[in-house]
Amino acid sequence: IFVLDEQEGEKLRDSLKAAQHRIEELFQMREILEAPAVEWAAERRTPEQLQEMRAAAEALNQAIAQDPIDFEQVRILDMNFHLTVVKSAHNHFLNQTLGTLQEIMFKSMDNTLKLPGRIDASEHEHGLILDAIERQDPIAARLMCIQHIHNARDAWFKYLRKPNQ
């Protein structure tokens, strides 16, 4: 166990918020932290937490079904889905760390879900992750989470290469 000095913690938080770390590094950290989180959620989740995850996924799916889609609302609900899953891992430090990482990604990135086909793919991937957690299959949950993060990363880089319109 270690305790991060308050000043050092502030420096890290400030540098992340200032986007001094490359987006690729944020995706790498997401994979490092979120993949075990979904694995632990599959092993440790309570029936009540499974209901919370289902409700978060349903709220996101309803927002995606709207015409027109409110992408800012979808972004918030997407972040909420991920954080609800992480909360079910029963690791408070991980929960706090991923919450900060999600906030940084939310503030530093445009919405990749606007890319053609990405919102549907993301919805499908969330469903697969949730199914694995429901079945209490930690390996499938981990692998699907990694695939989801890679797909989001690839969509982000595709977005960066997109010509301005």
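The values are calculated or read from the model by the stated rules, or taken from the named source; none is laboratory data. Keep in mind it's a predicted model, so treat the numbers as computed, not measured. Reconstructed Cβ throughout: ideal geometry from the backbone, glycine too, with neighbour counts over all protein chains shown. Accessible surface is based on the protein model in full, side chains and every heavy atom, while ligands, DNA and RNA are left aside. Shrake-Rupley method; radii C 1.70, N 1.55, O 1.52, S 1.80 Å.
Of note:
- Scanning segment 31-60 for residues that are among the acidic types (D, E) and free of Cβ contacts under 8 Å to residues at least 40 places away in the same chain returns E48, E52, E58.
- Contact annotation: residue pairs with Cβ atoms under 7 Å, 6 or more positions apart or on different chains, pairing a residue in segment 79-90 that is over 20 Å from E123 (Cα atoms) and outside any helix (DSSP H, G or I) with a partner that is open to solvent by less than 40 Å² (accessible area, probe 1.4 Å) and at pLDDT 95 or above, are A89/A37; A89/A41.
- Among residues of segment 129-142 being among the aliphatic types (A, V, I, L, M) and more than 14 Å from the chain's Cα centre (by Cα), the one that is most open to solvent (accessible area, probe 1.4 Å) is I139.
- Matching residues, segment 26-77, being open to solvent by 30 Å² or more (accessible area, probe 1.4 Å), among the charged types (D, E, K, R) and in a helix (DSSP H, G or I): E31, E39, E43, R44, E48, E52, R54, E58, E72, R75
- Test: residue in segment 66-78 that is in contact (Cβ under 8 Å) with a residue 60 or more places away in the chain and either within 24 Å of A42 (Cα to Cα) or within 12 Å of the chain's Cα centre (by Cα) (or both): no
- Only one of the listed residues (S122, S108) is among the small types (G, A, S), modelled with pLDDT under 95 and buried (at least 17 other Cβ atoms within 10 Å of the Cβ). That residue is S122.
- Condition check for Q136: at pLDDT 95 or above, more than 22 Å from R22 (Cα to Cα) and assigned to a helix (DSSP H, G or I): no
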